Each structure stands twice: as C-alpha cells, then as structure tokens.
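Take a look at the structure set out below.
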C-alpha cells in the first residue's frame, strides 16, 4: 500500500478554519420597529373627594396653622376677619355676614358647610364663586350661628364639601366683625 500524500499543517489549519467559518448561522436581518401606538390624551383627573368630616375629638385637637387678622375697607366700612393666608374669611356687608373658604370643587357638585362649635353642629348649603375659587355662605348678622362661633370654647370647626376641615380659634377679630355688622 501506498501512503497518502501528506498535507502541510498550514493548509490543514486554513481548511479547518474555513470549514468552521461556514458553520456560523447567517445573520438575521433586523426587523423594523413596530409603529408606535397613536397617543391618547388622558382625560383630566377628577378631584379626589377629600374627607370633609373631621375624625376624632376636635375639641382637643391641634388648631389649623394661622391666625386671624381684621381689615376694614375704606369708604364702605366693610369689616372682615381673615384666617391664615386667606383660607377662611368672615365679612360683613349690609347686615349680612359672608363666610368664605378657599377651595376647588368638582363641577356641578352639591356643596355645603358644616359648622361645629361647643354649642352644636349645623349644616348649611353653600355656593361656589368661580372668580375667587371659594365656597361661601351668607347669613343675616342676627343668625344664632354667629353667637355660637363667638362664644364657642376657644375654637370652632369649619367643614366644607370636598375640602379638608379647618379647626380655627375663636378670637376677638371674629367677634368684632360680627358686632360691627349688627350695629
């Protein structure tokens, strides 16, 4: 028998590398990215109803931050007491007292104030002023609610629909506005 011709090692290496290179899988062509879904405009979030009832013993709880300040309008002589940064105000005009509270409410919502003093609790219908973004109620200066606020034991609670409760101190500024309106 005859010996097969011998192949130089370099050629064997080249042939082996060539065979290995042919074993590589063909590269996949990149697929185009899917078209993005059309943007949808989310509806404006509706205000989340805030617990408008105070939970707990309000007669010993911490007061809302702020103090009362009294103002008198120039020629009209309108007397007004403002709590904090305007969160709550009590104003007199022509024998009527208006209690206003800053806040935003859902459209077409029925709103009311609930006033609590050491004399009791009273629910009253309220209105909304879009210009000043405030809830308000107006009562005659002779209404017993004003006396209940003046003589409440150091504090009274103002609850309004869709608003956090305000626990405010009774102060001479409030009494002065009410008395000015009665005279």
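Values quoted throughout were computed directly from the atomic coordinates according to the rules given, and no laboratory measurement underlies them. Given the structure is predicted, the values throughout are model-derived calculations rather than measurements. Note that we place each Cβ from the backbone using ideal geometry, even for glycine, and neighbour counts take in every protein chain shown.
Taken along the Cα-to-beta-carbon direction at a fixed 7 Å, the label points for residue 93 and residue 69 span 2.0 nm.
The gain in end-to-end length when the residue 104 to residue 129 segment is fully stretched comes to 8.0 nm, 0.36 nm per residue minus the alpha carbon separation.
Between residue 85 and residue 142, the simple label model (points 7 Å from Cα in the Cβ direction) yields a spacing of 4.0 nm.
For the pair residue 57 and residue 182, label points projected 7 Å from Cα toward Cβ lie 3.1 nm apart.
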